[in-house]
Amino acid sequence: MSSTRLLILGTLLDEPRNGYQVRRILEMWGANHWANVAFGSIYHGLGKMADEGLLDVVEQGKGGKTVYAVTDVGRQEFYRLLLTAWTQLQPIVDPFQVAMTFMNRLGKGDLLAALRTRIDQLKLSIGMCERAIGAKQSYGAPRHIDENLKLNMKMLRAQLEWCEEAVKRVEDDELP
């Protein structure tokens, strides 16, 4: 399932928009942090979904700003993707877990330094999320967008807890 496809269709449900407007909404929601959206793929996705009959071109604007609207078929696809996303577990691909697989390839000093650096980065990310909660509404984001931040913070905190415990275990020669 393509998260980008679901996000694009969802932003177009209530009113027609051009690619720039879709991108701005997704940026305001912070989708680049929790949905792995490559903003350059939005324009390609819009054209592809129009070719597939999921979107209609309702206005060929000046300066190449094409305005798209969701078709009935596109609405059906949105709801299918939405229900799939809610009900189907997918693995979360995290390069950190790949790195953990090879922690035995690092010397103790390098591993501890890497873990401590990651701890610092996790603390910064958690702080950024905490500051962002509630702020997006002033720019027009629905309040439930904050739930993505809250879920992200819980995942970051879980990883932070693991890293802090791992530091102790590496120091005590229990890992790797």
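You will find that of ASN32, ASN36, the residue that is at pLDDT below 90, within 18 Å of the chain's Cα centre (by Cα) and either within 18 Å of GLY140 (Cα to Cα) or assigned to a helix (DSSP H, G or I) (or both) is ASN32 and no other. For the range 120-132, the condition holds for no residue, the condition being that it is of a type in the set (Val, Ile, Thr) and either closer than 30 Å to GLU15 by Cα or free of Cβ contacts under 8 Å to residues at least 24 places away in the same chain (or both).
Among the residues of the range 48-58, at least one is surrounded by 12 or more Cβ atoms within 10 Å (Cβ to Cβ), touching a Ser or Thr at 6+ places or on another chain (Cβ under 8 Å), farther than 16 Å from ARG17 by Cβ and not aliphatic (A, V, I, L, M).
Determine whether VAL67 is surrounded by 13 or more Cβ atoms within 10 Å (Cβ to Cβ) and either of a type in the set (A, V, I, L, M, F, W, C) or not in a helix (DSSP H, G or I) (or both). So VAL67 passes the test.
The values are calculated or read from the model by the stated rules, or taken from the named source; none is laboratory data. Bear in mind that the values here come from a model prediction, so they are computed numbers and not experimental data. Reconstructed Cβ throughout: ideal geometry from the backbone, glycine too, with neighbour counts over all protein chains shown.
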